[in-house]
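> Before I ask anything, let me first share the structure, which is written out below as structure tokens.
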Amino acid sequence: MVKSFKIDAATAKLVEKSTLLKVLNYIDTVELKTPVLLMDGDRIRRSIATVGRGIAGCKVFYAVKANPSVEVLRLLAGLDVGFEISNFGELNVLSALGVDPERIISSNPVKTVDFIKAAYAYGVRYFSYDSLTEIEKMSQHAPGSNLYVRLAIPNEGSEWPLSKKFGVEIEDALTLLTRAKEKGLNPLGITFHVGSQCNNIYNWNIALDKARLLSDMARDAGIIISLINIGGGYPIKYTKSVLSIEAIERHINRLIRERFYNAGDLGGGGITVHLEPGRAVVGDAGIMVSRVTGKAERLDGRWLYIDVGVFNGLMESIGGIKYTYVTETRGAGGMKDNWTLAGPSCDSFDVIDKNVQLYEPEVGDIVLILSGGAYTISYASEFNGCSIPETLIV
Ligand SMILES: Cc1ncc(COP(=O)(O)O)c(C=O)c1O
């Protein structure tokens, strides 16, 4: 039976029409086992054709952690893009797909020795770091590798901040660059991350100011910085409009030009830029398809239970990411109502969102979760016997 969804104008602006139509068409023609993540392959291709294009000298490395499904990685392996990895599992999938090591970098500042050995043996030669112990590990197990030091920068205005765990201030970064050189490594670069889903364009200003300052100090210490790895952070539309990739890259490109080309001689032969987008490549290409498992009237209002929740796909919902939901509706009438949305496990932590305005669905009806392609299945567990959504390219 053809399913019916009421999609209002505000919601329609948050998703690409072609992606939505593809998904709606797919769920009408195929008997789906939910939860399932449907990924629009054409949308991923278009994202790859867009990211990095506005920044001169930019090479793009997809951050595998955003969506490491084999289906997505196979598609990306056939495109002109590199990969940023952090651990064994990510390396294993790429090597099984036969991805050339020159297309792979690792920006996890603290890596396991086993991973360093495996990545180095495979041929990976670009790694980030932010501690002296990492230099020891790298000099022993990945001699001569190209290193980029991770700077601490503000993540103000980013919906998923990444500043608390990694990154050092400029003085310490200089020490790390110097020490890496003494240990026979090639400390050629600087990296940072403005925070994921970054809605504050000025985070890139501060980051690149700091990078420039560190580059000057490095040059005075006899180290030439020739690589700026600007991490990820590009935002996508979840519940509101965001700055376009084109606008963000125009801004970043200007900042890099001003700081690294017109502001004096860094003593090298120019700057290469590495970009590691994750969310912006796969996030809005994905629509999570779930089903209503139950409804309840409780003292605090109406509750809707669905078969994907905090533990098996929507982990980011408890850390600040708000999704947009589209419910299947039977019949034309009805107003939106206020719902608490919860997942399928017995844990009371498994509450996805509160005060969500939804047209009322029935048990067994479909609930679409828009922009569900990034950091969903990569965080998912089988806690409480719940299944991890399969990923299908449509
Ligand atoms: C080192 C590194 N690079 C890139 C990314 C991708 O960031 P985003 O998905 O915001 O583009 C992350 C995200 O955690 C990261 O830690």
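The values are calculated or read from the model by the stated rules, or taken from the named source; none is laboratory data. These numbers come from a predicted model, not from an experiment. For neighbour counting, all protein chains shown are included, and Cβ atoms are generated from backbone atoms with ideal geometry for every residue, glycine included. Protein only, heavy atoms only, side chains kept; ligands, DNA and RNA dropped before computing areas. Shrake-Rupley method; radii C 1.70, N 1.55, O 1.52, S 1.80 Å.
> For the chain, what is the accessible area per residue in Å² when the probe is 1.4 Å?
Result: 41 Å² per residue.
> Please compute the contact order of the chain in relative form: average sequence separation of alpha-carbon pairs under 8 Å and at least six residues apart, divided by the residue count, as a percent.
RCO, the chain: 22 percent.
> Given a cut-off of under 8 Å on Cα pairs at least six residues apart, what relative contact order in percent is computed for region 91-190?
For region 91-190, the relative contact order is 26 percent.
> Further, regarding this structure: Counting C-alpha atoms alone, how compact is region 52-276: give Rg to one decimal and Dmax as a whole number, in angstrom.
Calculated on Cα positions, Rg and Dmax stand at 16.7, 49 Å.
> Based only on Cα atoms, what Rg/Rh ratio does region 30-147 have, Rh being taken as Kirkwood's radius?
Reported Rg/Rh (Cα atoms, Kirkwood Rh): 1.03.
> Can you tell me how much longer the chain between Y261 and I201 gets when fully stretched, taken as 0.36 nm per residue apart minus their C-alpha distance, in nm with one decimal?
Gain on stretching Y261 to I201: 19.5 nm.
> With a bin width of 5 angstrom, please list the P(r) values of region 259-386 as percents of all Cα-Cα pairs, from the 0 bin to the one holding the largest distance.
Here the calculated profile for region 259-386 is 2, 10, 18, 20, 15, 9, 5, 4, 4, 3, 4, 4, 2, 1.
> What does a probe at S244 reach in region 41-71, counting residues whose amide N is under 19 Å from the point 7 Å along Cα→Cβ?
Answer for this model: 43-56.
> OK, next. Considering the zone a paramagnetic label at N338 would reach in this model (a point 7 Å from Cα along the Cα-to-Cβ line), which residues of region 346-365 have amide N under 20 Å from it?
Under cut-off, by backbone N: 351-361.
> Under the 0.36 nm per residue contour assumption, what length would be gained going from the current alpha-carbon distance of F349 and L79 to full extension?
Residue separation times 0.36 nm, minus the Cα-Cα distance, leaves 93.3 nm.
> Which one of K17, K65, K181 has the biggest mean-square fluctuation once the chain is modelled by GNM with Cα springs under 10 Å?
Checking each option, the largest mean-square fluctuation is seen for K17.
> While we're here: Rounded to the nearest percent, how much of the accessible area of region 52-276 (1.4 Å probe, protein heavy atoms only) is carbon and sulfur?
Answer for region 52-276: carbon and sulfur cover 51 percent of the accessible area.
> Please give the solvent-accessible surface of L37 in Å², to the nearest 10, using a probe radius of 1.4 Å with every protein chain present.
0 Å²
> Stretched out fully, how many nm does the piece from A96 to K3 gain, at 0.36 nm a residue minus the Cα gap?
Contour length minus the Cα-Cα distance gives 29.6 nm.
> Let me see the pair-distance distribution of the chain: every alpha carbon pair, 10 Å bin width, integer percents in order.
Binned Cα distances yield the sequence 5, 23, 30, 23, 13, 6, 1, 0.
> Say the cut-off is 30 Å between C-alpha atoms; which of K6/K65; K59/K165; K6/K59; K137/K210; K295/K322; K6/K322 go over it?
K6/K65; K6/K59
> Looking at the chain, which longest stretch skips every one of the chymotrypsin sites (Phe, Trp or Tyr not before Pro) that is in a DSSP loop with at most 14 other Cβ atoms within 10 Å, leaving the sites themselves out?
No qualifying site falls inside 1-260, the longest such stretch.
> Further question on the same structure: Name the aspartates and glutamates eligible as straight-distance cross-link partners of K183: C-alpha to C-alpha under 13 Å, and not fewer than 8 places from it in the same chain.
Straight-distance partners of K183: E134, E136.
> Sticking with this structure for a sec: Are there any trypsin sites (Lys or Arg not before Pro) in region 120-178 that are in a DSSP loop and have at most 16 other Cβ atoms within 10 Å? List them by number.
Loop-located and lightly packed - K164, K165.
> In addition: Quick one: among V60, V281, V30, which has the greatest mean-square fluctuation in a GNM of the chain with alpha-carbon springs under 10 angstrom?
V30
> To one decimal place, what orientation-averaged projected area in nm² is obtained for the convex hull of the Cα set of region 140-258?
With the hull built on Cα positions only, its mean projection is 7.9 nm².
> Over all pairs of distinct alpha carbons, what does the Kirkwood formula give as the hydrodynamic radius of region 12-68, in Å?
13.8 Å
> May I pose another question? For region 209-293, which trypsin sites (Lys or Arg not before Pro) pass both filters: DSSP loop (anything but H, G, I, E, B) and at most 15 other C-beta atoms within 10 Å?
Listed in order of number, the matching sites are K240.
> Here's another thing I want to ask about it. How many percent of DSSP beta bridges within the chain run antiparallel, rounded to 5? Let's see the in-between values first.
Values: 26 of 60 bridges.
So the antiparallel bridges amount to about 45 percent of the total.
> Heavy atoms only, probe 1.4 angstrom, no DNA, RNA or ligands counted: give me M335, M138 ranked by accessible area, highest first.
Sorted descending by solvent-accessible area, the residues read M335, M138.
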